[in-house]
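First the structure, in the form of structure tokens, and then the observations on it.
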Amino acid sequence: MQNQLPSISDRHPARAWATPLALATALLVAGCSHTSQFAGQSQSVPVPTQWQRSAEAAPVASPEDLSRWWQRFGDAPMTALIDQALAANPSVLNAQAVLRQARAQRDVQAAGLLPSVGSSAGGTRSRSGNNDASNRYSVGVDASWEPDWWGRQGNAVQAGDANVQAAVASLEGAHVALAAEVALNYIELRSLQERLQIARDNLAIQRENQQITEWRLQAGLVTSLEAEQARQSTAQTAAQIPALQSSLAQSRHALAILTGQPPGALDTQLQTVQPLPVAPEQLAMALPADTLRQRPDVRVQEHKVVAAVANLSAQERANFPSLRLSGSLGLGALTVGALTNGASVAASIAAGLSAPLFDGGANRAQIRAQQAAVEQARIAYRSTVLTALQEVEDALAQLQGDKERLVQLLVAQEAARNASLLANQRYSSGLVDFQTVLDTQRTLLSSQDSVASTRAAISTDHVRLYKALGGGWQPLDTDGQRVGSSTPATL
């Protein structure tokens, strides 16, 4: 139920405002007794002062040092691909649209703090009995305003501001994720090219051995068993090449899609074999607290908590009375021309005060729902912080493990190469059978492939580490574009 005050003539302005303002003041005192204690609660997350596995020689990086971490690899094509993706990828464009929507919605909420003004115009034609018909024309201006006595509308604007900041952080998160995704696919592409070349080199050697074996079979120096073993080994290695070529094509397609192009758009540019991008040994780390401040996903959840608390505060004020002020000024005349000279003037001022008396507990239920929303936002924030800390520690552990693994694989590769040479020499001297030669060749191929894969894994470990540290973002302008971005370089 709502009580609406009647319109009051503007003949006595002071008397006109006295009654509604007095009543509003009384209800203000009554309404202020309800304040949110829930909004003041907090949920802290313990943050370590340093990473458990951080290298002692690693310098502490500022956010600017990590904003374009991919340049540390010194690979121009990879940098160009990332710049292209950041400019044209659909996920970034969608995040920019979400940001524009959030800003527009915030502007709608802010408009509620201002008065609204409208205009009207009309005309009537009437006839009374046998009298001639008469016309009457009117124009008028209406204005209304609901003062934000209790700050409810201000809370809505605050929630809108927080949603805008969350959208900004989400856009930055899209940049971080996209840069890492492009780098990971590019590293995989270069790794596949290297592994494909290793397979082809070994296939060439095995074909030579197969040819030699067939000649020796014709000369009666070996049996058909050895010839079949050589043929089987050659075919086994040859079977790896189509699989590697398919994966290579898929990597090129993925990079094209990430840069907002059709699948085959980059086939020509990426056809040339180039070395695997390698990050410098010295890491550019950031302290845990700095990492959490610069990670977009953490900031998204932080702003969502702010928005949820503001929405809760606004909902708590829904039971407070609202005051609405309105006024109108109109001109009336028998002809249109008389509206500008000699028209009758009508003006009025009204004040309406309304307050809910009974809603069946609906608003209290809404408050409980908003309290639960705040709690969910805080839990999500805590979970995001813990996940962020874990991702950095996991990336550091994986990087350290892959580096140690590479050291042993290099030793194994050198030993496999020596064993293969010795096996070929002894086979030529008749000291070992051909199966030994085949075994050492397979071992060498496996060792070379493992070394190439592990080197690529170390590069991807660096990418995942920089992503976990929140690297890959740059400040945004008002349109959601990266500040300082330039036209992407050519591949």
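What whole-number value in Å² describes the accessible area per residue of the range 218-362 for a 1.4 Å probe?
On the way: 7190 Å² over 145 residues.
Spelled out: the 1.4 Å probe surface of the range 218-362, per residue, equals 50 Å².
Note on Q425 and N341: their simple-model spin labels are 12.1 nm apart, each label 7 Å out from Cα toward Cβ. Between A372 and E404, the simple spin-label model (points 7 angstrom out along Cα→Cβ) gives 4.8 nm.
Rounded to the nearest 10 square angstrom, E375 shows an accessible area of 60 square angstrom against a 1.4 Å probe.
Less than 18 Å from a label point 7 Å out along the Cα-to-Cβ axis of R231: which backbone N atoms in the range 425-467 qualify, by residue? In the range 425-467, the label zone of R231 (backbone N under 18 Å from the point 7 Å along Cα→Cβ) covers 434-435, 438. With R₀ fixed at 45 Å, the C-beta to C-beta distance from D439 to L93 puts the FRET efficiency at about 0.25. Straightening the chain between A121 and S453 buys 111.7 nm, computed as 0.36 nm per residue apart minus the Cα-Cα spacing.
In this rough spin-label picture, where each label sits 7 Å from Cα along the Cβ direction, the Q101-A412 distance is 5.0 nm. Using bins of 5 Å that start at zero, the share of Cα-Cα pairs per bin across the range 184-277 amounts to 3, 14, 18, 16, 12, 10, 8, 7, 6, 4, 2, 1, 0, in whole %.
Multiply the residue gap between S144 and S354 by 0.36 nm, knock off their C-alpha separation, and tell me the result in nm, one decimal place. Numbers along the way, then the final one.
On the way: separation 210, 0.36 × 210 = 75.60 nm, distance 1.49 nm.
Here the answer is 74.1 nm.
The values are calculated or read from the model by the stated rules, or taken from the named source; none is laboratory data. Remember, it's a predicted structure, so these values are computed and weren't measured experimentally. Cβ coordinates were reconstructed from backbone atoms using ideal geometry, including for glycine residues, and neighbour counts include every protein chain displayed. Just the protein is used for accessible areas: all its heavy atoms, side chains included, with ligands, DNA and RNA removed. Shrake-Rupley method; radii C 1.70, N 1.55, O 1.52, S 1.80 Å.
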